[in-house]
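Working notes, beginning with the structure itself.
The values are calculated or read from the model by the stated rules, or taken from the named source; none is laboratory data. Note that the structure is a prediction, hence the values are computed from the model and not measured. Positions of Cβ are backbone-derived with ideal geometry, glycine not excepted, and every protein chain shown enters the neighbour counts. Protein only, heavy atoms only, side chains kept; ligands, DNA and RNA dropped before computing areas. Shrake-Rupley method; radii C 1.70, N 1.55, O 1.52, S 1.80 Å.
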Amino acid sequence: MTTEKLSRRDVLKGTTAAAASVFAQPLRAAAPEATAITPALIDAAKKEGKVVWYTSIELLLAERIAKSFEAKFPGIAVRVERTGAERVFQRIGQEYASRIYAVDVVNSSDAANFITWKREGVLAPFVPEDVARHYPADHKDPDGMFASFRVSLSGIAYNTNLVKPAEAPASFSDLLDPKWMGKIVKAHPGYSGTAMTATFKLVRELGWGYFEKLAKQRVMQVQSATDPPKKLALGERAVMSDGGEYNVLQLKESGGPVEMVYPSEGIPVVVGPNGLFKAAPNPNAARLFQCYSFTAECQQLIIDVGALRSMHALVKEKPGRRLFREIKTMKEDAAGVEKMGEEIKARYAKLFGV
C-alpha cells in the first residue's frame, strides 16, 4: 500500500515559492486605494437596484447576510445563488464561456478558484476600507482582487448520543480504527471546496495511503461540507471525518447532539474569499455589497450567527467557543490546491468509487 505524499516540488511546480499562499504574490503594481461606503456609492447602487451573489456559504447564513444588507440599504435587493464551491466555479466558467455575465460578487470556500480567476483577468481590483484598515496582510490579495470574507475549519465531530467522549476519535488516524467501519460520513472534494482543501491538506500531511485505508471504512459520501454535521445530528452516522466546524457549532448551540474534535495532527483551515467581477452587471451595487461584507457589522454577524471565523481585527469571538489562536491548524496553500485539484478529484473518486 502506497504512502505517497505531495512533495514540495509537486505542490509548487509551475509556481514560485512565494505563490504558495493565495494572498502571496502580486501580479500588478499595487492594490487600488481603499473605498469607503459613501452616500454617492449608495445612491449609485440604488439606481441599479440589485446585486447577485454566488456563494458556497450555508444558505441560511447567506440569506441572513442578504437580509441584513437589504435592511441597511433599502431599495437594493440581494439575489443569493448558493451551491457547492466546485459548482460555483463551474457555473461561472460556463457562463463566461457563453458570454453570460450574471454574477456580481463571488464567495467560495475553495480559495484556489480565485487564483484562476485572477490569472484569467476577470476579477476587478477593489479594496473595501475595512480590508485596508483591519485585515492582516496574509488575508488580503496584494493586488486588491479579493480578501478573506470568512475562515472556517474542517475537522472531526461525533454524535454525543452514539459516542462517549472518552471513546471519540482524537486524530484523523483514529478514524482508521475498525470500530468506525460503516459509521463515518464525509463530504466529496468534487463538489465541496471545503472538502477539496481538507483532502489536499490531509494528502500533504498523511499521504494517499491514509485515504486508501479510509476508503475501506465504508464511508458515507455526501456532497456539501454542510451535510456531514446534519447526518451526525440525525444519528445517521456516529462520526464525520470532515465538514464545516461552523455547522457543528451551530447545531451544538441549538441543542443538537454533536461535538467538535480538533485533531492532534492539526485541523485544515479553509479560507473563503469574496471578490467582484470586472463584468459585473451591477458594478456599484457590487462594490457596496463588497464593502459591507467586510465591515465589523457583517463580520460579527458571520461569527455570532454563522459560527465562522473572521480575520477582522475589531470583531469578537462568541463566548464559549475555542479561540482560533488556540487551535493547531494545517498550513494554508491555495496554489497547491489549484495545481492538484483535478488529480485529487480523480484519485479520490477512484478510491471511494464515487
**Message:** Which count do you get for residues in segment 116-130 that are touching a Cys at 6+ places or on another chain (Cβ under 9 Å) and either hydrophobic (A, V, I, L, M, F, W, C) or modelled with pLDDT under 95 (or both)?
**Reply:** 1
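Looking at segment 94-130, which of the residues that are basic (Lys, Arg) and open to solvent by 50 Å² or more (accessible area, probe 1.4 Å) is nearest to TYR54 (Cα to Cα)?
Residues of segment 94-130 that are basic (Lys, Arg), as a first pass: 99, 118-119.
If we keep only those that are open to solvent by 50 Å² or more (accessible area, probe 1.4 Å) too, we end up with 99, 119.
On the way: ARG99: 17, ARG119: 20 Å.
Among residues in segment 94-130 that are basic (Lys, Arg) and open to solvent by 50 Å² or more (accessible area, probe 1.4 Å), the one nearest to TYR54 (Cα to Cα) is ARG99.
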**Prompt:** Taking segment 205-240 as the search range and keeping residues that are part of a strand (DSSP E or B) and either without any contact (Cβ under 8 Å) to a residue 40 or more places away in the chain or among the small types (Gly, Ala, Ser) (or both), which one is nearest to LYS339 (Cα to Cα)?
**Reply:** VAL222
**Output for segment 320-352, where each listed residue is under 20 Å from GLN90 (Cβ atoms) and among the β-branched types (Val, Ile, Thr)** = VAL337, ILE344
**Message:** For the condition modelled with pLDDT of 65 or more, within 30 Å of ALA215 (Cβ to Cβ) and part of a loop (DSSP other than H, G, I, E, B), what is the one hit in ILE37, ILE57?
**Reply:** ILE57
**Prompt:** Quick check: is even one residue across segment 117-124 outside any helix (DSSP H, G or I) and over 27 Å from LYS345 (Cβ atoms)?
**Reply:** yes
**Request:** Kindly list the number of the only condition in (1) at negative phi; (2) in contact (Cβ under 8 Å) with a residue 12 or more places away in the chain that fails for GLY243.
**Result:** (1)
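I'd like to check something: does segment 257-273 contain any residue that is open to solvent by less than 10 Å² (accessible area, probe 1.4 Å) and part of a helix (DSSP H, G or I)?
no
Tell me the helices (runs of 4 or more DSSP H) entirely within segment 283-354 that contain at least 2 residues that are under 19 Å from VAL105 (Cα atoms) and either touching a residue at least 40 places away in the same chain (Cβ under 8 Å) or of a type outside the set (Lys, Arg) (or both). Full working, then the answer.
Numbers: elements: 283-293, 296-304, 334-352.
Counting at least 2 such residues, we get 283-293, 296-304.
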**Asked** Name the residues in segment 149-204 that are in contact with a Pro (Cβ under 7 Å, 6 or more places away or on another chain), assigned to a loop (DSSP other than H, G, I, E, B) and modelled with pLDDT under 95, would you?
**Response** GLY155
**Prompt:** Somewhere in segment 162-181, is a residue open to solvent by 10 Å² or more (accessible area, probe 1.4 Å), over 25 Å from LEU202 (Cβ atoms) and touching a residue at least 60 places away in the same chain (Cβ under 8 Å)?
**Reply:** no
**Asked** Is it the case that some residue within segment 131-145 is open to solvent by less than 10 Å² (accessible area, probe 1.4 Å), part of a loop (DSSP other than H, G, I, E, B) and among the β-branched types (Val, Ile, Thr)?
**Response** no
